[in-house]
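Step one of this worksheet: look at the structure below.
Throughout, read-outs are computed from the coordinates displayed, never taken from laboratory work. Every value quoted in this text rests on a predicted model; they were computed, and no experiment measured them. Cβ placement follows ideal geometry from the backbone for every residue including glycine, while neighbour counts extend to all protein chains displayed.
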Amino acid sequence: MTELVGLIVAKYNFWLYIILMMIGLYAMIAKNNLMKKLVGMNIFQTAIILFYVSIGYKHGATLPIIQGDHGGHGTHGAVIHAAEYINPLPHVLMLTAIVVSVATFGVAMALCVRVYRRYQTLEEDELRIRLSEK
Amino acid sequence: MNHMPAILVLAPLSGAFFSGLAAWIKPSFSYYIALAATLLSGVAATCVLGDVMAAGTVQYRMAGWAPPMGIELRIDSLNAMVLVLISAIAFLNLVASVRSVDREIPDRAPSFYVMYQLFVVGLLGVTATGDLFNLYVLIEITSLTSYTMIALGEEGRSHLAALNYIFIGVIGASFYLLGVGYLYITTGSLNMQDVAVILKQIPGSSSAVLTAFVLCILGVWIKMALFPLHVWLPNAYAFAPVGFARVVAPLMTKVMVYVMVRLMITVFGLDYVFNTLHLADIVVWLGVIAILAGAFMALFQTDLRKMLTYIIVCEIGYMVGGAWLGNTLGMAGAILHILNDALMTFALFLALGNIVYVRKQVAFSNLQGLFATMPWTMAGLVLAALSIIGVPPTCGFFSKWYLVLGAFEAGAYHFAAALIISSLVCAVLFFKVFEICFFEPMATSHGHHDYGGVVMTEAPVSMLVPLGLVSTAIVAAGVYAGTIVNTLILPFLQ
C-alpha cells in the first residue's frame, strides 16, 4: 500500500494529467450536447499540454534565462550548468500545440453555429431525430 | 545547397497566401495561383525523386540549423515516391474539379482553393519531415483544413460529419502527441534519426518506449480509420464537396499509412516492433477484421459514394495487415499498395465526381443507362474497379500478389483468405453497379419521346483528361510494378 502511495506521490504529474484526460474523454463520449463535448475536447487537449509543461521541470532549477552574464557571451562568468535551468523546449512545443488547439476549437464552434442555425438544436438525440425525419 | 525539398513544401504555402490576396482583385485568379503552386511542387517533387535515385537520401536543413536541434526534411526513396504521388494527384484534381467547384460552391471558391493548398502543404510536409513534433503540427494542419472543406459540402449534414471528424481526429492527434512526449522523456530528442539511434542504446524493453509506441500507433490508426476507429470516415467523405472528396479519399488515409510505416521502420525499428513486442499477430487479425468489415459494410450501401468510402476502410486493412506481417514481402506489398491504392481510389472518385456533375445524385436508382450516356467516364470507372478487384494488367493485382505472398511466408493464412474474400466481395459490388448502369433502362422522367438513340451527356473534357491520365497510370504502375519494387521499395527496406 505504501509503495502505491509512494508511486502516486512521486509521479503525481502523470496521475493528474491522466485524471484530467479521462474527464475530457468522458465528456466527449457521454455528453449529449455538442457544446459540452467541445468543452470536454478542450479539457482533453489541455491535459496533454500540462503534461508537457510538467516534464520540463527540474527540482531546484530556475527559469531558463542565463544569469550574471550581462553583455558577454558566456566567455566571462561561470560555466552554464544545464541542471540549474528548467528545460524550456517542452514549453516552446506547447506554444504551438496551444495554437493548434485554439484553431481546432474555433473551427468546431463555427460548425456548431452552422448546425444550430440549420436544426435549431445542439442536442445529439434531437439532431438524430431531425436527420431521420428527412 | 539544393533547395528543391523546401520549394516542394513552400510553393503551396505561399500559393495559399497569394490565392487569398488575389481573390480580392478577381476571384478566378486564386484558382490559377493554386494551379501554378501545385504544379511547381509537383516539378520539385520529381526533381527530388531524381536526386534520391541518383545520390541516395536527401537531407535538407530548414533555415540552416543542423539536426537534431533544427528541423530537417529527410527524403529517401519511400517518401520521394509518396511526395510525387501527392503533388501529382493534387494537381490533376485541381484541373478536374474546377467546374464542379464552380457549380457546388460558387461563392466560396477562393476560400476553397486557399484551404486546398494548405491541405496539400500539410500532406507534403507530413511526408517530407524528419522531425516528430513537426509531424504532429503538419498532421493538424492537414486535419484542420479538411474539417473546413468537408463543412463546405451538403448543408447541415456535412457540418455534423465534420464535427464528428473533429472529435475523433483530435483524440487521434492527441494520442500521437502524448506518444511523442514519452519518446522525448526517454530520448531527449525529436529528430527521427536521432531518436532511433538513442532508442537502440536502451537495453531490454522500457515501458516508457512501449507506451510511446502504442500511443503513437493508436493515434495514427484513428487518423487512418482502421476498422473499429473508422466511424468518422464514411459520412465525412460522402457529404464533402466532390472537389475535396476526390483529393482527401486517395491521399489522407494513405499518408497516414506512410506515417505508420515510417514510425515502424525509421523511428522504433523493425527489430523492436517484431522481436521485442509481441503485437504483430493481433494487429494482423485487426487488419483481417478491417478488410472483412469494410467489404461487407460496402455491400449494404445503396449509394455509390457511400459504397466507395467503405471500400477505403477495407483497403486500409490490406496495408495495416501487410505492414505487420513481419517480412519484407508483406512490407513491400503494403508500401506498393500505398501507391496503387491512391491511384485506384483517385480514379474511382474522379469517375464518381463526373457522374455527380452530370446526374447530381449517385444513389443506385439514379445510375441507369450510364454506359450509353457517359461512356468515357464509365470506361475509367471499370478500369479502376478491375484494379480494386485485382485483375492482372492493372496495378491492384500486383500489390495484392505481394501481400498474399507475404501472408504465406508469415503463415498468416487468415490474412490471405481475407484478401481473396474481399476481392470477391468487391467483384460483386462493382458488377452490381455495372449491371444497373448497363442493363436497366433509362427512366424517362420528362415524358419525352425516345428518339431512337441516346444523347451523350458526358462530363466536360477538363474532367475526362485527368481520368484518362490516371487510368493510364493504373496500367503503367501495374506493368512496371517489378521496377518500382526493385528500385524504390526494396532499397529502402534493406
- Query: Once label points are set 7 Å from the Cα along Cα→Cβ at both A:Phe14 and A:His81, what is their separation, rounded to one decimal in nm?
  - Reply: 2.7 nm
- Message: Compute for the range B:279-494: radius of gyration divided by Kirkwood radius, i.e. Rg/Rh, restricted to C-alpha atoms, rounded to two decimals.
- Response: 1.04
- Alpha carbon convex hull of the range B:159-206, projected area averaged over orientations, nm²: 4.2 nm²
- Note on the structure: Under the rule rounded for a/c under 1.5, else prolate if a/b exceeds b/c, else oblate, using alpha carbon gyration tensor axes a ≥ b ≥ c, chain A is classed as oblate
- Sorted largest first, the C-alpha extents of the range B:80-123 along its principal axes in whole angstrom are 36, 18, 9
- Message: Test of understanding: extend the Cα→C-beta vector of B:Leu21 to 7 Å, then name every residue of the range B:111-125 with backbone N under 20 Å from that spot.
- Response: B:111-119, B:121
- Message: For A:Lys11, give me every one of the lysines with a C-alpha distance below 23 angstrom, ignoring sequence neighbours fewer than eight places off in its own chain.
- Response: A:Lys58
- Item | 20 Å-binned pair-distance histogram of chain B (Cα, whole percent) | 24, 59, 16, 1, 0
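Grab the Cα-Cα distance for B:Phe439 and B:Ala54, subtract it from 0.36 nm times how many residues apart they are, and report the gain in nm with one decimal. Show your work: numbers first, answer last.
On the way: separation 385, 0.36 × 385 = 138.60 nm, distance 5.22 nm.
Between B:Phe439 and B:Ala54, full extension yields 133.4 nm more.
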- Message: What translational diffusion coefficient, to the nearest whole µm²/s, does the range B:152-309 have by Stokes-Einstein, given a Kirkwood radius computed over alpha-carbon pairs, a temperature of 25 °C and 0.890 mPa s viscosity?
- Response: 143 µm²/s
- Task: Determine which lysines satisfy two conditions relative to B:Lys360: a Cα distance under 27 Å, and not lying fewer than 8 residues away in the same chain.
- Result: A:Lys134, B:Lys306, B:Lys432
- Normalised by the residues of chain B, what does the relative contact order come to in percent, with Cα pairs under 8 Å and at least six apart? 14 percent
- Note on the structure: Check: C-alpha center the range B:233-255 vs C-alpha center the range B:17-43, spacing in Å is 22 Å
